[in-house]
1. Exactly one of (1) modelled with pLDDT of 90 or more; (2) more than 19 Å from Ala94 (Cα to Cα); (3) in contact with a Leu (Cβ under 8 Å, 6 or more places away or on another chain) is unmet by Gly42. Its number?
2. Quick test of your reading of the structure: Trp76 fulfils all but one of (1) assigned to a loop (DSSP other than H, G, I, E, B); (2) out of contact with any Gly (no Cβ under 8 Å at 6 or more places or on another chain). Name the failing condition by number.
3. Where residues in region 31-67 are small (Gly, Ala, Ser) and under 18 Å from the mean Cα position of the chain (by Cα), which of them is surrounded by the most Cβ atoms within 10 Å (Cβ to Cβ)?
4. Might you let me know whether region 68-77 holds any residue that is within 15 Å of the chain's Cα centre (by Cα), of a type outside the set (Phe, Trp, Tyr) and closer than 13 Å to Ala16 by Cα?
5. Could you tell me whether region 90-102 includes any residue that is more than 30 Å from Asp19 (Cα to Cα), charged (D, E, K, R) and not in a strand (DSSP E or B)?
6. Given the condition among the small types (Gly, Ala, Ser) and within 23 Å of Ala16 (Cα to Cα), answer yes or no: does some residue in region 114-132 qualify?
7. Mind listing whichever residues of region 26-60 are closer than 25 Å to Asp107 by Cβ and part of a loop (DSSP other than H, G, I, E, B)?
8. Pairs, please: C-beta under 6 Å, at least 6 apart or cross-chain, first residue free of Cβ contacts under 8 Å to residues at least 12 places away in the same chain and in region 115-131, second not in a loop (DSSP other than H, G, I, E, B)?
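The values are calculated or read from the model by the stated rules, or taken from the named source; none is laboratory data. Fair warning: this is a prediction, and the values are worked out from it, not measured in the lab. Positions of Cβ are generated from backbone atoms using ideal geometry, with glycine treated the same way; all protein chains shown enter the neighbour counts.
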Amino acid sequence: MIRILHDAADTALPTARADGESLWLDRTDVERATGWAWKPEGLCRDDTCLLLPRHGKAITDGDRLDVASMWRQAGWPIVHDDAAQIWVLGEGAAQRAEALSSGEAPDFELPDLDGKTHRLSDYRGRRVFLVSWASW
């Protein structure tokens, strides 16, 4: 089963298919894994749409889209581990810079020591002290 890591989410997709440097997802899986809706004009999120290319390598096959090719066309980073069947879809530098310029932390969720999940947005309007540690 292929897993996609994107935008602080880990999505397992049993119907996804990897073929070399291509990652084929159906319409519902594209949106579920990336947050981008596949519309006739391209991939869209909020007020932004990435147009599907009309020439060159075909990135659609019926109701499946080669998300890896689309990601590369947008100039966004993408890496994968064939053995583990994990794909990581990064964001472009412009999107990351825009998000950081607001001074607002991106929303994320983490479990506490009892396993209860907490989202940063649950504490909006309150001061939050976050401590992180890594063993490496």
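1. Failing condition for Gly42: (1).
2. (2)
3. Once the filter is applied, the top-ranked residue is Ala33.
4. Yes: region 68-77 contains one or more residues that are within 15 Å of the chain's Cα centre (by Cα), of a type outside the set (Phe, Trp, Tyr) and closer than 13 Å to Ala16 by Cα.
5. yes
6. Within region 114-132, not a single residue is among the small types (Gly, Ala, Ser) and within 23 Å of Ala16 (Cα to Cα).
7. Gly35, Trp36, Asp46, Asp47
8. Close Cβ pairs (under 6 Å, with a partner that is not in a loop (DSSP other than H, G, I, E, B)) amount to Thr117/Glu109; Thr117/Pro111.
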